[in-house]
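FYI, it's all coordinate maths here, none of it is from the lab. Everything quoted here is computed from the prediction, not taken from an experiment. Quick reminder, even Gly has a Cβ in these numbers, built from the backbone with ideal geometry, and neighbours come from all protein chains shown.
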Amino acid sequence: MHNYTTDEIHAFAILLFFFFYFLWKSKQFFTAFGDKSLLKRNWSMKRLKKLSWEDFELLCMALFAQKGWKVKGNEKKGADGGVDIWMQKRSLGKRTSAIVQCKRYDDALVTIKVIREMYGLMHEHNVDVAYIVTSNRFTKECYKFIEEKNIVLIDGEKLLQLIN
């Protein structure tokens with residue numbers, strides 16, 4: 001039986017550390033690569049509305065990640081409490097936090113009820129900004145309600161502009 005020296009054990013530990021670090025970085029690279037290819041597709045309103053709600057959320061996550069946000073999808077299955085994406089961004093030493101609700105609708109408009117819920121969740125979770133993203137449009141009341149509030153509404157047309 002071979003007795004390993006302390007130097008051999010340390011060398012093996014360092015090698016093992018770098019191996020796992022390489023795996024972790026590879027996963028990050030390929031995830032980011034996949035997200036970018038999702039954004040590079042030729043998007044139209046028709047294609048947006050054909051997405052499943054899960055794919056619509058993934059598209060929104062990829063878009064916000066491209067805009068510099070550190071994004072995390074909601075890991076709960078089923079009811080998510082109104083938050084689909086959790087985000088953070090750090091710039092000039094200031095940390096900004098945000099939540100996102102994704103609404104993939106064919107024909108229905110996003111109503112004031114959704115906006116009010118997000119406003120409440122903003123305060124409940126103590127975040128700086130709330131985003132509501134839809135594949136369709138918002139009612140007029142939604143735009144009136146968000147005046148002077150840190151809520152950003154992104155309808156289908158604006159979403160396509162941001163992607164392209």
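Once fully extended, how much extra length lies between K149 and Q161, figured as 0.36 nm per residue of separation less the alpha-carbon to alpha-carbon distance?
2.0 nm
Once R0 is set to 45 Å, what does the formula 1/(1 + (r/R0)^6) return for the Cβ-Cβ distance between F19 and D107, expressed as a FRET efficiency to the nearest 0.05?
Efficiency for this residue pair is about 0.30.
Give me T111, T134, T6 sorted ascending by neighbouring Cβ count inside 10 Å, so fewest comes first. Please list the in-between numbers first.
On the way: T111 13, T134 24, T6 7.
By the 10 Å Cβ count, ascending, the order reads T6, T111, T134.
Set Lys and Arg Cβ to +1 and Asp and Glu Cβ to -1, take the dipole of the range 43-163 about its Cα centre, and tell me which of V133, I163, L51 lies farthest positive.
I163
About the Cα centre, and with charges only on the beta carbon of Lys, Arg (+1) and Asp, Glu (-1), how big is the dipole of the range 43-163? Nearest 20 debye, please.
Working: 22 positive and 16 negative charges, 66 e Å.
The dipole of the range 43-163 has a size of about 320 debye.
Fewest first, what order do Y131, Y105 take by the number of other Cβ atoms within 10 Å?
Listed from fewest to most nearby Cβ atoms, that is Y105, Y131.
Taking amide H positions as placed in the peptide plane 1.01 Å from N, state which residues far from F138 in sequence (5 or more) or on other chains have amide H under 5 Å from it.
V110
Starting from the range 118-161, pick out the GluC sites (Glu not before Pro) whose DSSP state is loop and whose Cβ has at most 14 other Cβ atoms within 10 Å.
Within the range 118-161, the qualifying GluC sites (Glu not before Pro) (loop, at most 14 other Cβ atoms within 10 Å) are E147, E148.
Using Cβ counts within 10 Å as a stand-in for footprinting exposure, how do S44, S135, S91 rank, fewest first?
S91, S44, S135
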